[in-house]
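All remarks here apply to the structure that follows.
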Amino acid sequence: MIQKTDKSKKQNILIVIFTIIYVIISVATAFIAKNGSSVITIGNNYMQLYSINGVLSALHFFICICLVSIDYKKGRLVSTVLIVASIFSAIMEMVRSHALNSLPGVINMTVSLISIYLLCDQLESREKSIVTDYLTNLNNRHGLVLALNKKIAKKDVFYVMYLDFENFKLVNDSLGHRCGDFVLKTISERIQNAVGSKGILGRIGGDEFIFILSDKYDPLETANDILTAINEKIEIPTGDKIVDFYISAFIGISKFPDDAGDPDSLIKYADIAMYHSAKNKQQRINFFDNQMEKELHRQVELERIIKESLANNSFYLVYQPQYILDGKKLRGFESLIRLKTDAGEFISPGEFIPVAERSDLILDIDDYVIRRALREFKEPLERSNRSFIVSVNISAKNITFPGFAERLKTMLEEADFPSECFEIEITEYCLAASVEVTIDNIQKLRDMGVHVALDDFGTGYTSLSYLAKLPINLLKIDKSLVDNIGTDEKSREFANAVISMGHLMNCEVISEGVENETQLDILREQSCDFIQGYVWSRPLDYKNAVELCCGEKHDF
Ligand code: C2E
Ligand code: CA
Ligand code: CA
(Lines give C-alpha, C1' and ligand atoms only; values in the text may rest on other atoms or scores of the structure.)
(Ligands and ions follow the chains in the order given, each with its own letter.)
Protein backbone atom coordinates (compact mmCIF):
# COMPACT_ATOMS: atom_id res chain seq x y z
CA MET A 1 0.00 0.00 0.00
CA ILE A 2 1.27 3.47 -0.82
CA GLN A 3 2.00 5.50 2.31
CA LYS A 4 0.45 8.95 2.39
CA THR A 5 3.16 11.55 2.44
CA ASP A 6 3.26 14.38 4.98
CA LYS A 7 2.82 16.82 2.09
CA SER A 8 -0.40 15.24 0.88
CA LYS A 9 -1.76 15.13 4.47
CA LYS A 10 -1.08 18.87 4.83
CA GLN A 11 -2.83 19.54 1.53
CA ASN A 12 -5.89 17.59 2.66
CA ILE A 13 -6.06 19.62 5.87
CA LEU A 14 -5.81 22.88 3.87
CA ILE A 15 -8.63 21.77 1.57
CA VAL A 16 -10.86 20.99 4.55
CA ILE A 17 -10.05 24.38 6.13
CA PHE A 18 -10.78 26.23 2.86
CA THR A 19 -14.03 24.38 2.42
CA ILE A 20 -15.11 25.24 6.01
CA ILE A 21 -14.22 28.90 5.41
CA TYR A 22 -16.28 28.86 2.23
CA VAL A 23 -19.29 27.36 3.98
CA ILE A 24 -19.05 30.00 6.73
CA ILE A 25 -18.73 32.76 4.11
CA SER A 26 -21.73 31.44 2.17
CA VAL A 27 -23.88 31.26 5.26
CA ALA A 28 -22.80 34.78 6.24
CA THR A 29 -23.56 36.04 2.73
CA ALA A 30 -26.99 34.49 2.81
CA PHE A 31 -27.65 35.94 6.26
CA ILE A 32 -26.54 39.45 5.24
CA ALA A 33 -28.60 39.28 2.05
CA LYS A 34 -31.67 38.14 3.96
CA ASN A 35 -31.38 41.08 6.38
CA GLY A 36 -31.11 43.59 3.52
CA SER A 37 -27.54 44.60 4.35
CA SER A 38 -26.04 43.74 1.00
CA VAL A 39 -25.86 47.45 0.38
CA ILE A 40 -23.80 49.53 2.73
CA THR A 41 -23.88 53.24 2.88
CA ILE A 42 -20.91 55.53 3.27
CA GLY A 43 -21.31 59.03 4.64
CA ASN A 44 -24.60 60.71 3.85
CA ASN A 45 -24.64 59.85 0.14
CA TYR A 46 -26.11 56.43 0.56
CA MET A 47 -23.78 55.51 -2.28
CA GLN A 48 -23.82 51.83 -3.15
CA LEU A 49 -20.04 51.47 -3.30
CA TYR A 50 -19.22 47.87 -2.49
CA SER A 51 -21.29 44.87 -2.00
CA ILE A 52 -20.20 42.55 0.77
CA ASN A 53 -21.63 39.82 -1.39
CA GLY A 54 -19.20 40.78 -4.15
CA VAL A 55 -16.21 40.83 -1.82
CA LEU A 56 -17.20 37.55 -0.25
CA SER A 57 -17.83 35.88 -3.57
CA ALA A 58 -14.48 37.14 -4.89
CA LEU A 59 -12.91 35.66 -1.78
CA HIS A 60 -14.39 32.27 -2.35
CA PHE A 61 -13.35 32.26 -5.99
CA PHE A 62 -9.90 33.07 -4.74
CA ILE A 63 -10.14 30.07 -2.45
CA CYS A 64 -11.16 27.94 -5.43
CA ILE A 65 -8.05 29.08 -7.30
CA CYS A 66 -5.91 28.24 -4.28
CA LEU A 67 -7.50 24.80 -4.13
CA VAL A 68 -6.70 24.14 -7.79
CA SER A 69 -3.13 25.34 -7.35
CA ILE A 70 -2.45 23.29 -4.25
CA ASP A 71 -3.98 20.00 -5.20
CA TYR A 72 -4.90 19.61 -8.82
CA LYS A 73 -7.15 16.56 -8.57
CA LYS A 74 -9.04 17.32 -5.36
CA GLY A 75 -8.91 21.08 -5.96
CA ARG A 76 -10.45 20.69 -9.39
CA LEU A 77 -13.31 18.61 -8.05
CA VAL A 78 -14.04 20.85 -5.06
CA SER A 79 -13.75 24.08 -7.04
CA THR A 80 -15.92 22.81 -9.88
CA VAL A 81 -18.67 22.16 -7.32
CA LEU A 82 -18.08 25.59 -5.78
CA ILE A 83 -18.17 27.35 -9.16
CA VAL A 84 -21.47 25.72 -10.10
CA ALA A 85 -22.90 26.64 -6.71
CA SER A 86 -21.71 30.23 -6.92
CA ILE A 87 -22.86 30.78 -10.48
CA PHE A 88 -26.26 29.55 -9.33
CA SER A 89 -26.21 31.86 -6.30
CA ALA A 90 -25.03 34.83 -8.43
CA ILE A 91 -27.98 34.33 -10.81
CA MET A 92 -30.37 34.11 -7.88
CA GLU A 93 -28.90 37.30 -6.41
CA MET A 94 -29.18 39.04 -9.78
CA VAL A 95 -32.85 38.17 -10.13
CA ARG A 96 -33.57 39.11 -6.52
CA SER A 97 -31.82 42.50 -6.41
CA HIS A 98 -31.88 43.67 -10.05
CA ALA A 99 -28.09 43.46 -9.87
CA LEU A 100 -27.47 44.77 -13.37
CA ASN A 101 -29.22 48.07 -12.63
CA SER A 102 -27.16 48.89 -9.56
CA LEU A 103 -23.46 49.64 -9.06
CA PRO A 104 -22.87 46.97 -6.37
CA GLY A 105 -24.72 44.46 -8.52
CA VAL A 106 -22.48 45.26 -11.50
CA ILE A 107 -19.35 45.09 -9.32
CA ASN A 108 -20.59 41.83 -7.85
CA MET A 109 -21.13 40.32 -11.30
CA THR A 110 -17.82 41.67 -12.68
CA VAL A 111 -15.87 40.22 -9.77
CA SER A 112 -17.65 36.90 -10.31
CA LEU A 113 -16.90 36.84 -14.03
CA ILE A 114 -13.22 37.78 -13.55
CA SER A 115 -12.91 35.08 -10.90
CA ILE A 116 -14.51 32.47 -13.14
CA TYR A 117 -12.21 33.51 -15.97
CA LEU A 118 -9.12 33.30 -13.72
CA LEU A 119 -10.20 29.94 -12.41
CA CYS A 120 -10.76 28.51 -15.88
CA ASP A 121 -7.39 29.88 -16.99
CA GLN A 122 -5.73 28.30 -13.98
CA LEU A 123 -7.42 24.98 -14.68
CA GLU A 124 -6.32 25.10 -18.30
CA SER A 125 -2.66 25.84 -17.51
CA ARG A 126 -2.67 23.07 -14.89
CA GLU A 127 -4.18 20.74 -17.50
CA LYS A 128 -1.43 21.75 -19.92
CA SER A 129 1.38 21.25 -17.42
CA ILE A 130 0.16 17.72 -16.84
CA VAL A 131 0.73 16.78 -20.49
CA THR A 132 3.84 18.90 -21.17
CA ASP A 133 7.48 18.08 -20.61
CA TYR A 134 8.97 20.86 -18.46
CA LEU A 135 12.34 20.88 -20.27
CA THR A 136 11.49 20.71 -23.96
CA ASN A 137 7.87 21.96 -23.90
CA LEU A 138 6.98 18.87 -25.92
CA ASN A 139 4.35 16.34 -24.89
CA ASN A 140 5.34 14.17 -21.96
CA ARG A 141 4.36 10.50 -21.65
CA HIS A 142 0.88 11.37 -20.41
CA GLY A 143 0.34 13.79 -23.30
CA LEU A 144 1.53 11.23 -25.81
CA VAL A 145 -0.74 8.53 -24.40
CA LEU A 146 -3.72 10.92 -24.63
CA ALA A 147 -2.80 11.77 -28.24
CA LEU A 148 -2.39 8.07 -29.07
CA ASN A 149 -5.76 7.24 -27.49
CA LYS A 150 -7.41 9.99 -29.56
CA LYS A 151 -5.90 8.64 -32.78
CA ILE A 152 -6.81 5.06 -31.88
CA ALA A 153 -10.43 6.11 -31.17
CA LYS A 154 -10.58 7.82 -34.57
CA LYS A 155 -9.15 4.64 -36.15
CA ASP A 156 -6.35 6.62 -37.83
CA VAL A 157 -3.47 4.58 -39.22
CA PHE A 158 -0.15 5.81 -37.80
CA TYR A 159 3.41 4.90 -36.79
CA VAL A 160 5.05 5.23 -33.40
CA MET A 161 8.78 5.95 -33.49
CA TYR A 162 10.94 5.40 -30.43
CA LEU A 163 14.21 7.33 -30.43
CA ASP A 164 17.12 6.64 -28.16
CA PHE A 165 20.54 8.29 -28.25
CA GLU A 166 23.81 6.45 -28.39
CA ASN A 167 26.15 8.56 -26.32
CA PHE A 168 23.95 11.00 -24.46
CA LYS A 169 25.09 9.63 -21.11
CA LEU A 170 28.56 10.84 -22.01
CA VAL A 171 27.43 14.49 -21.95
CA ASN A 172 25.76 14.16 -18.58
CA ASP A 173 28.69 12.26 -17.08
CA SER A 174 31.48 14.41 -18.46
CA LEU A 175 29.95 17.89 -18.81
CA GLY A 176 27.20 17.87 -16.21
CA HIS A 177 23.42 17.98 -16.27
CA ARG A 178 23.15 21.61 -17.42
CA CYS A 179 24.96 20.71 -20.67
CA GLY A 180 22.86 17.54 -20.89
CA ASP A 181 19.70 19.69 -20.74
CA PHE A 182 21.12 21.98 -23.41
CA VAL A 183 21.74 19.00 -25.72
CA LEU A 184 18.22 17.65 -25.11
CA LYS A 185 16.66 21.02 -25.94
CA THR A 186 18.78 21.37 -29.07
CA ILE A 187 17.92 17.86 -30.22
CA SER A 188 14.22 18.34 -29.60
CA GLU A 189 14.23 21.57 -31.64
CA ARG A 190 16.09 19.87 -34.48
CA ILE A 191 13.74 16.92 -34.57
CA GLN A 192 10.76 19.29 -34.46
CA ASN A 193 12.18 21.23 -37.43
CA ALA A 194 12.89 18.02 -39.33
CA VAL A 195 9.39 16.58 -38.91
CA GLY A 196 7.44 19.82 -39.17
CA SER A 197 3.75 19.13 -38.84
CA LYS A 198 3.92 15.48 -39.88
CA GLY A 199 2.94 14.28 -36.42
CA ILE A 200 3.27 14.67 -32.67
CA LEU A 201 6.62 14.72 -30.89
CA GLY A 202 7.16 14.03 -27.22
CA ARG A 203 9.76 13.11 -24.63
CA ILE A 204 8.98 10.21 -22.33
CA GLY A 205 12.01 10.42 -20.09
CA GLY A 206 15.78 11.02 -20.05
CA ASP A 207 16.95 10.90 -23.65
CA GLU A 208 13.98 8.94 -24.99
CA PHE A 209 11.67 10.60 -27.49
CA ILE A 210 8.52 9.37 -29.20
CA PHE A 211 7.23 10.61 -32.52
CA ILE A 212 3.72 9.75 -33.73
CA LEU A 213 3.70 9.88 -37.52
CA SER A 214 0.60 9.88 -39.67
CA ASP A 215 0.59 7.16 -42.34
CA LYS A 216 0.32 9.84 -45.03
CA TYR A 217 4.11 10.05 -44.78
CA ASP A 218 6.87 7.55 -45.45
CA PRO A 219 8.20 6.34 -42.05
CA LEU A 220 11.64 5.37 -43.35
CA GLU A 221 12.18 8.70 -45.07
CA THR A 222 11.00 10.60 -41.97
CA ALA A 223 13.20 8.51 -39.66
CA ASN A 224 16.18 9.21 -41.93
CA ASP A 225 15.38 12.94 -41.86
CA ILE A 226 15.37 12.80 -38.06
CA LEU A 227 18.73 11.00 -37.99
CA THR A 228 20.27 13.51 -40.39
CA ALA A 229 19.04 16.42 -38.27
CA ILE A 230 20.41 14.85 -35.10
CA ASN A 231 23.80 13.98 -36.58
CA GLU A 232 24.81 17.59 -37.08
CA LYS A 233 27.34 19.15 -34.78
CA ILE A 234 26.06 20.51 -31.45
CA GLU A 235 28.06 23.36 -29.94
CA ILE A 236 27.70 23.14 -26.18
CA PRO A 237 28.53 26.30 -24.22
CA THR A 238 30.33 25.20 -21.05
CA GLY A 239 30.98 28.57 -19.47
CA ASP A 240 34.50 29.39 -20.63
CA LYS A 241 34.53 27.51 -23.93
CA ILE A 242 32.36 25.83 -26.57
CA VAL A 243 32.55 22.05 -26.84
CA ASP A 244 31.72 20.43 -30.18
CA PHE A 245 29.59 17.35 -29.72
CA TYR A 246 28.14 14.76 -32.08
CA ILE A 247 25.29 12.49 -31.17
CA SER A 248 23.55 9.67 -33.02
CA ALA A 249 20.30 7.85 -32.44
CA PHE A 250 18.58 4.53 -32.93
CA ILE A 251 14.95 4.44 -34.03
CA GLY A 252 12.42 1.64 -33.58
CA ILE A 253 9.04 1.82 -35.33
CA SER A 254 5.69 0.16 -34.60
CA LYS A 255 2.44 0.60 -36.52
CA PHE A 256 -1.21 0.97 -35.53
CA PRO A 257 -3.28 -1.13 -36.03
CA ASP A 258 -0.96 -3.81 -37.53
CA ASP A 259 1.34 -4.31 -34.51
CA ALA A 260 -0.83 -3.38 -31.52
CA GLY A 261 -4.06 -1.64 -30.56
CA ASP A 262 -3.18 0.26 -27.38
CA PRO A 263 -0.67 3.02 -26.55
CA ASP A 264 1.42 1.01 -24.08
CA SER A 265 1.96 -1.90 -26.49
CA LEU A 266 2.71 0.43 -29.41
CA ILE A 267 5.36 2.23 -27.34
CA LYS A 268 6.73 -1.08 -26.01
CA TYR A 269 7.01 -2.61 -29.49
CA ALA A 270 8.71 0.49 -30.90
CA ASP A 271 11.10 0.26 -27.95
CA ILE A 272 11.83 -3.42 -28.72
CA ALA A 273 12.54 -2.51 -32.36
CA MET A 274 14.81 0.32 -31.19
CA TYR A 275 16.62 -2.09 -28.86
CA HIS A 276 17.33 -4.32 -31.88
CA SER A 277 18.87 -1.39 -33.74
CA ALA A 278 21.04 -0.56 -30.74
CA LYS A 279 22.11 -4.20 -30.37
CA ASN A 280 23.05 -4.78 -33.99
CA LYS A 281 24.48 -1.29 -34.52
CA GLN A 282 24.60 -1.72 -38.32
CA GLN A 283 20.96 -0.76 -38.81
CA ARG A 284 19.89 2.44 -37.08
CA ILE A 285 16.22 2.18 -38.05
CA ASN A 286 14.19 -0.95 -37.38
CA PHE A 287 10.52 -1.86 -37.82
CA PHE A 288 8.96 -4.06 -35.16
CA ASP A 289 8.19 -7.64 -36.11
CA ASN A 290 6.79 -10.52 -34.06
CA GLN A 291 10.10 -12.35 -34.06
CA MET A 292 11.53 -9.54 -31.94
CA GLU A 293 8.88 -10.00 -29.31
CA LYS A 294 9.52 -13.73 -29.21
CA GLU A 295 13.23 -13.03 -28.68
CA LEU A 296 12.41 -10.65 -25.84
CA HIS A 297 10.18 -13.25 -24.17
CA ARG A 298 12.91 -15.84 -24.57
CA GLN A 299 15.38 -13.46 -22.99
CA VAL A 300 13.16 -12.89 -19.97
CA GLU A 301 12.58 -16.65 -19.72
CA LEU A 302 16.33 -17.35 -19.94
CA GLU A 303 17.07 -14.87 -17.17
CA ARG A 304 14.59 -16.73 -14.98
CA ILE A 305 16.12 -20.11 -15.91
CA ILE A 306 19.66 -18.83 -15.16
CA LYS A 307 18.60 -17.57 -11.73
CA GLU A 308 16.86 -20.85 -10.91
CA SER A 309 19.78 -22.90 -12.20
CA LEU A 310 22.24 -20.97 -10.06
CA ALA A 311 20.02 -21.56 -7.03
CA ASN A 312 19.38 -25.26 -7.81
CA ASN A 313 22.92 -26.02 -8.92
CA SER A 314 21.78 -27.17 -12.38
CA PHE A 315 24.89 -25.89 -14.14
CA TYR A 316 27.86 -28.15 -14.67
CA LEU A 317 31.17 -27.98 -16.49
CA VAL A 318 32.73 -29.93 -19.32
CA TYR A 319 36.40 -29.68 -20.14
CA GLN A 320 37.90 -29.51 -23.61
CA PRO A 321 41.53 -30.66 -23.79
CA GLN A 322 44.13 -28.34 -25.26
CA TYR A 323 47.20 -30.00 -26.77
CA ILE A 324 50.77 -29.04 -27.51
CA LEU A 325 50.77 -29.31 -31.28
CA ASP A 326 54.21 -30.79 -31.44
CA GLY A 327 53.79 -34.34 -30.10
CA LYS A 328 50.12 -34.17 -29.01
CA LYS A 329 50.87 -33.67 -25.34
CA LEU A 330 48.14 -32.38 -23.05
CA ARG A 331 48.51 -28.68 -22.21
CA GLY A 332 45.36 -28.36 -20.13
CA PHE A 333 41.59 -27.89 -20.36
CA GLU A 334 39.19 -25.13 -21.21
CA SER A 335 36.22 -25.21 -18.82
CA LEU A 336 32.94 -24.83 -20.68
CA ILE A 337 29.66 -24.35 -18.89
CA ARG A 338 26.60 -26.51 -19.58
CA LEU A 339 22.99 -26.14 -18.53
CA LYS A 340 20.32 -28.81 -18.30
CA THR A 341 17.06 -27.41 -16.94
CA ASP A 342 14.81 -29.27 -14.52
CA ALA A 343 12.55 -29.98 -17.50
CA GLY A 344 15.46 -31.82 -19.14
CA GLU A 345 16.15 -29.15 -21.79
CA PHE A 346 19.79 -28.50 -22.75
CA ILE A 347 20.46 -24.82 -23.38
CA SER A 348 23.69 -23.91 -25.13
CA PRO A 349 26.03 -21.32 -23.60
CA GLY A 350 25.94 -19.57 -26.97
CA GLU A 351 22.32 -18.77 -26.10
CA PHE A 352 22.35 -18.05 -22.36
CA ILE A 353 25.78 -16.42 -21.92
CA PRO A 354 24.88 -13.31 -24.01
CA VAL A 355 21.65 -12.97 -21.96
CA ALA A 356 23.61 -13.28 -18.71
CA GLU A 357 26.11 -10.75 -20.02
CA ARG A 358 23.35 -8.17 -20.47
CA SER A 359 22.49 -8.47 -16.79
CA ASP A 360 24.76 -8.92 -13.81
CA LEU A 361 24.01 -12.66 -13.79
CA ILE A 362 27.26 -13.24 -15.69
CA LEU A 363 29.17 -12.27 -12.52
CA ASP A 364 27.49 -15.12 -10.63
CA ILE A 365 28.14 -17.51 -13.50
CA ASP A 366 31.84 -16.60 -13.65
CA ASP A 367 32.14 -17.09 -9.89
CA TYR A 368 30.42 -20.43 -10.13
CA VAL A 369 32.70 -21.63 -12.98
CA ILE A 370 35.90 -20.49 -11.27
CA ARG A 371 35.04 -22.11 -7.94
CA ARG A 372 33.81 -25.34 -9.50
CA ALA A 373 36.82 -25.75 -11.85
CA LEU A 374 39.22 -25.09 -8.97
CA ARG A 375 37.40 -27.55 -6.72
CA GLU A 376 37.21 -30.27 -9.37
CA PHE A 377 40.86 -30.12 -10.47
CA LYS A 378 42.61 -29.58 -7.14
CA GLU A 379 42.88 -33.29 -6.41
CA PRO A 380 43.63 -34.52 -10.00
CA LEU A 381 46.37 -31.89 -10.25
CA GLU A 382 48.03 -33.31 -7.13
CA ARG A 383 47.53 -36.89 -8.30
CA SER A 384 48.81 -36.35 -11.83
CA ASN A 385 52.52 -36.70 -12.31
CA ARG A 386 52.60 -33.64 -14.61
CA SER A 387 51.23 -30.18 -14.25
CA PHE A 388 48.54 -28.89 -16.62
CA ILE A 389 46.50 -25.73 -16.98
CA VAL A 390 42.83 -25.23 -16.11
CA SER A 391 41.34 -22.40 -18.09
CA VAL A 392 38.05 -20.52 -17.55
CA ASN A 393 36.21 -17.89 -19.60
CA ILE A 394 35.80 -14.57 -17.81
CA SER A 395 33.32 -11.93 -18.90
CA ALA A 396 34.36 -8.39 -19.81
CA LYS A 397 32.23 -7.16 -16.88
CA ASN A 398 34.48 -8.96 -14.40
CA ILE A 399 37.87 -8.11 -15.82
CA THR A 400 36.95 -4.43 -16.12
CA PHE A 401 35.86 -4.34 -12.47
CA PRO A 402 38.40 -2.90 -10.00
CA GLY A 403 39.32 -5.55 -7.46
CA PHE A 404 38.75 -8.58 -9.68
CA ALA A 405 42.40 -9.67 -9.39
CA GLU A 406 42.18 -9.58 -5.59
CA ARG A 407 38.91 -11.54 -5.63
CA LEU A 408 40.41 -14.23 -7.86
CA LYS A 409 43.48 -14.39 -5.60
CA THR A 410 41.22 -15.08 -2.61
CA MET A 411 39.38 -17.81 -4.53
CA LEU A 412 42.68 -19.46 -5.52
CA GLU A 413 43.89 -19.30 -1.92
CA GLU A 414 40.64 -20.68 -0.54
CA ALA A 415 40.80 -23.57 -3.02
CA ASP A 416 44.53 -23.98 -2.32
CA PHE A 417 45.08 -24.12 -6.08
CA PRO A 418 48.48 -23.25 -7.65
CA SER A 419 48.00 -20.01 -9.58
CA GLU A 420 50.50 -21.03 -12.28
CA CYS A 421 48.11 -23.85 -13.24
CA PHE A 422 45.20 -21.47 -13.70
CA GLU A 423 44.29 -19.45 -16.77
CA ILE A 424 41.58 -16.95 -17.60
CA GLU A 425 40.32 -16.27 -21.13
CA ILE A 426 39.18 -12.74 -21.84
CA THR A 427 38.04 -11.06 -25.03
CA GLU A 428 39.11 -7.73 -26.42
CA TYR A 429 35.65 -6.29 -25.67
CA CYS A 430 36.95 -5.57 -22.17
CA LEU A 431 39.01 -2.79 -23.75
CA ALA A 432 35.86 -0.99 -24.83
CA ALA A 433 34.80 -0.57 -21.18
CA SER A 434 37.97 0.38 -19.36
CA VAL A 435 41.55 0.02 -20.55
CA GLU A 436 43.24 1.11 -17.31
CA VAL A 437 41.33 -1.16 -14.94
CA THR A 438 41.65 -4.12 -17.34
CA ILE A 439 45.42 -3.71 -17.68
CA ASP A 440 45.76 -3.26 -13.92
CA ASN A 441 43.79 -6.46 -13.22
CA ILE A 442 45.69 -8.46 -15.83
CA GLN A 443 49.06 -7.23 -14.60
CA LYS A 444 48.23 -8.22 -11.02
CA LEU A 445 47.11 -11.67 -12.18
CA ARG A 446 50.26 -12.12 -14.26
CA ASP A 447 52.34 -11.14 -11.22
CA MET A 448 50.58 -13.89 -9.29
CA GLY A 449 51.53 -16.38 -12.01
CA VAL A 450 48.02 -16.75 -13.48
CA HIS A 451 47.97 -17.21 -17.29
CA VAL A 452 45.88 -14.75 -19.30
CA ALA A 453 44.65 -15.66 -22.78
CA LEU A 454 43.03 -13.38 -25.33
CA ASP A 455 40.08 -15.38 -26.72
CA ASP A 456 38.37 -15.07 -30.12
CA PHE A 457 41.38 -13.31 -31.61
CA GLY A 458 40.80 -12.20 -35.19
CA THR A 459 37.12 -11.33 -34.81
CA GLY A 460 37.33 -7.90 -33.14
CA TYR A 461 38.33 -4.48 -34.31
CA THR A 462 40.47 -3.16 -31.49
CA SER A 463 43.60 -1.34 -32.62
CA LEU A 464 46.83 -3.29 -32.38
CA SER A 465 48.47 -0.57 -30.33
CA TYR A 466 45.87 -1.15 -27.62
CA LEU A 467 46.28 -4.91 -27.81
CA ALA A 468 50.05 -4.63 -27.50
CA LYS A 469 49.52 -2.90 -24.14
CA LEU A 470 47.69 -5.92 -22.70
CA PRO A 471 50.08 -8.00 -20.60
CA ILE A 472 48.64 -11.31 -21.86
CA ASN A 473 50.66 -14.44 -22.54
CA LEU A 474 48.44 -16.47 -24.88
CA LEU A 475 46.67 -15.52 -28.11
CA LYS A 476 43.73 -17.72 -29.02
CA ILE A 477 42.99 -17.69 -32.75
CA ASP A 478 39.26 -17.85 -33.35
CA LYS A 479 37.60 -20.82 -35.00
CA SER A 480 36.23 -18.64 -37.80
CA LEU A 481 39.83 -17.93 -38.88
CA VAL A 482 40.90 -21.57 -38.59
CA ASP A 483 37.86 -22.85 -40.51
CA ASN A 484 39.13 -21.84 -43.94
CA ILE A 485 42.89 -22.30 -43.70
CA GLY A 486 42.67 -25.68 -45.43
CA THR A 487 40.77 -24.35 -48.43
CA ASP A 488 41.56 -20.67 -48.80
CA GLU A 489 45.01 -19.22 -49.46
CA LYS A 490 44.17 -15.78 -47.97
CA SER A 491 42.94 -17.28 -44.67
CA ARG A 492 46.09 -19.39 -44.52
CA GLU A 493 48.30 -16.33 -44.95
CA PHE A 494 46.26 -14.38 -42.42
CA ALA A 495 46.57 -17.15 -39.82
CA ASN A 496 50.30 -17.25 -40.48
CA ALA A 497 50.58 -13.48 -39.92
CA VAL A 498 48.58 -13.69 -36.68
CA ILE A 499 50.78 -16.48 -35.34
CA SER A 500 53.96 -14.52 -36.16
CA MET A 501 52.48 -11.40 -34.59
CA GLY A 502 51.55 -13.33 -31.43
CA HIS A 503 55.12 -14.55 -31.15
CA LEU A 504 56.40 -11.01 -31.73
CA MET A 505 54.20 -9.88 -28.83
CA ASN A 506 55.94 -12.52 -26.71
CA CYS A 507 52.78 -14.61 -26.55
CA GLU A 508 52.23 -18.26 -27.22
CA VAL A 509 49.49 -19.02 -29.75
CA ILE A 510 46.65 -21.56 -29.61
CA SER A 511 44.22 -22.28 -32.46
CA GLU A 512 40.67 -23.27 -31.48
CA GLY A 513 38.06 -25.19 -33.44
CA VAL A 514 40.60 -27.35 -35.31
CA GLU A 515 38.57 -30.08 -36.96
CA ASN A 516 40.78 -31.95 -39.42
CA GLU A 517 44.28 -33.20 -40.20
CA THR A 518 44.82 -30.67 -43.03
CA GLN A 519 44.31 -27.79 -40.59
CA LEU A 520 46.64 -29.51 -38.11
CA ASP A 521 49.40 -29.84 -40.74
CA ILE A 522 49.13 -26.20 -41.79
CA LEU A 523 49.18 -24.94 -38.19
CA ARG A 524 52.17 -27.14 -37.42
CA GLU A 525 53.97 -25.69 -40.43
CA GLN A 526 53.13 -22.19 -39.21
CA SER A 527 54.63 -22.94 -35.78
CA CYS A 528 51.39 -22.60 -33.85
CA ASP A 529 52.09 -23.72 -30.27
CA PHE A 530 48.84 -25.36 -29.16
CA ILE A 531 45.55 -26.52 -30.60
CA GLN A 532 42.08 -27.26 -29.29
CA GLY A 533 39.38 -28.85 -31.40
CA TYR A 534 37.25 -31.81 -32.34
CA VAL A 535 40.13 -33.29 -34.37
CA TRP A 536 41.79 -34.40 -31.12
CA SER A 537 39.01 -34.11 -28.60
CA ARG A 538 35.53 -32.79 -28.00
CA PRO A 539 34.76 -31.32 -24.58
CA LEU A 540 34.82 -34.16 -22.02
CA ASP A 541 32.73 -34.73 -18.95
CA TYR A 542 34.54 -34.45 -15.62
CA LYS A 543 35.22 -38.17 -15.24
CA ASN A 544 36.80 -38.52 -18.68
CA ALA A 545 38.80 -35.31 -18.26
CA VAL A 546 40.29 -36.64 -14.99
CA GLU A 547 41.11 -39.98 -16.63
CA LEU A 548 42.89 -38.08 -19.38
CA CYS A 549 44.96 -35.80 -17.18
CA CYS A 550 45.85 -38.47 -14.66
CA GLY A 551 47.17 -40.69 -17.41
CA GLU A 552 44.58 -43.41 -16.96
CA LYS A 553 43.32 -43.04 -20.51
CA HIS A 554 46.02 -41.41 -22.61
CA ASP A 555 49.68 -40.99 -22.07
CA PHE A 556 51.30 -37.61 -22.45
P1 C2E B 1 34.48 -19.96 -26.75
O2 C2E B 1 35.09 -19.52 -25.47
O3 C2E B 1 35.08 -19.45 -28.00
O4 C2E B 1 34.47 -21.54 -26.67
C5 C2E B 1 34.76 -22.38 -27.73
C6 C2E B 1 33.53 -22.99 -28.24
O7 C2E B 1 33.83 -23.72 -29.44
C8 C2E B 1 32.91 -24.00 -27.29
O9 C2E B 1 31.52 -23.97 -27.52
C10 C2E B 1 33.47 -25.31 -27.80
O11 C2E B 1 32.69 -26.42 -27.45
C12 C2E B 1 33.43 -25.07 -29.28
N13 C2E B 1 34.44 -25.88 -30.00
C14 C2E B 1 35.65 -26.28 -29.58
N15 C2E B 1 36.28 -26.98 -30.53
C16 C2E B 1 35.44 -27.02 -31.59
C17 C2E B 1 35.52 -27.60 -32.91
O18 C2E B 1 36.51 -28.22 -33.30
N19 C2E B 1 34.45 -27.45 -33.72
C20 C2E B 1 33.35 -26.77 -33.32
N21 C2E B 1 32.33 -26.67 -34.19
N22 C2E B 1 33.24 -26.19 -32.11
C23 C2E B 1 34.27 -26.32 -31.26
P24 C2E B 1 30.53 -23.82 -26.32
O25 C2E B 1 30.95 -24.66 -25.18
O26 C2E B 1 29.16 -24.01 -26.88
O27 C2E B 1 30.72 -22.32 -25.88
C28 C2E B 1 30.29 -21.27 -26.68
C29 C2E B 1 30.70 -19.96 -26.07
O30 C2E B 1 30.01 -19.75 -24.83
C31 C2E B 1 32.16 -19.89 -25.69
O32 C2E B 1 32.93 -19.59 -26.79
C33 C2E B 1 32.17 -18.82 -24.64
O34 C2E B 1 32.14 -17.55 -25.24
C35 C2E B 1 30.87 -19.06 -23.95
N36 C2E B 1 31.11 -19.87 -22.76
C37 C2E B 1 31.16 -21.21 -22.66
N38 C2E B 1 31.41 -21.57 -21.39
C39 C2E B 1 31.54 -20.43 -20.68
C40 C2E B 1 31.83 -20.14 -19.30
O41 C2E B 1 32.03 -21.03 -18.47
N42 C2E B 1 31.86 -18.82 -18.91
C43 C2E B 1 31.66 -17.83 -19.81
N44 C2E B 1 31.73 -16.57 -19.38
N45 C2E B 1 31.42 -18.06 -21.12
C46 C2E B 1 31.35 -19.35 -21.54
CA1 CA C 1 36.99 -19.47 -24.66
CA1 CA D 1 36.83 -18.59 -28.68
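Some observations on this one:
- The spacing between the range 170-239 and the range 514-547, judged by their C-alpha centroids, is 53 Å.
- Additional length obtainable on full extension of the chain from D262 to E420, 0.36 nm per residue less Cα span: 50.9 nm
- Kirkwood-based shape ratio for the range 396-537, expressed as Rg/Rh from alpha carbons: 1.00
- Extended-chain gain in nm, criterion 0.36 nm per residue less alpha-carbon gap, E436 and S348: 28.4 nm
- With the biggest extent put first, the Cα atoms of the range 122-187 measure 45, 34, 14 Å across the principal axes.
- Placing dummy labels 7 Å off each Cα toward the beta-carbon, the span from T487 to I324 is 3.4 nm.
- For the range 278-342, Kirkwood radius (reciprocal of mean inverse C-alpha pair distance, Å): 15.7 Å
- Computed over neighbours whose Cβ is under 14 Å from that of S500, the net charge equals -3, Lys and Arg +1, Asp and Glu -1.
- Ellipsoid semi-axes for the range 223-375, based on the Cα gyration tensor and the rule √(5λ), read 41, 25, 15 Å when sorted largest first.
- Share of Cα-Cα pairs in the range 322-450 lying beyond 24 Å, as whole percent: 33 percent
- Based on the reciprocal of the average 1/r between different C-alpha atoms, the Kirkwood radius for the range 496-556 equals 13.0 Å.
- Alpha carbon convex hull of the range 202-277, projected area averaged over orientations, nm²: 6.1 nm²
- Accessible carbon and sulfur surface of the range 452-545 relative to its total accessible area, %, 1.4 Å: 48 percent
- Estimated FRET transfer efficiency when R0 is 56 angstrom, pair H177-N385 (beta carbons, to 0.05): 0.30
- Convex hull volume of the C-alpha atoms in the range 369-423, normalised per residue: 67 Å³.
The values are calculated or read from the model by the stated rules, or taken from the named source; none is laboratory data. What you see is a predicted model; the values in this text were computed from it and never measured. Methodologically, a virtual Cβ is constructed for each residue, glycine included, from the backbone with ideal geometry; neighbour enumeration extends over all protein chains shown. Heavy atoms of the whole protein, side chains included, go into the accessibility calculation; ligands, DNA and RNA do not. Shrake-Rupley method; radii C 1.70, N 1.55, O 1.52, S 1.80 Å.
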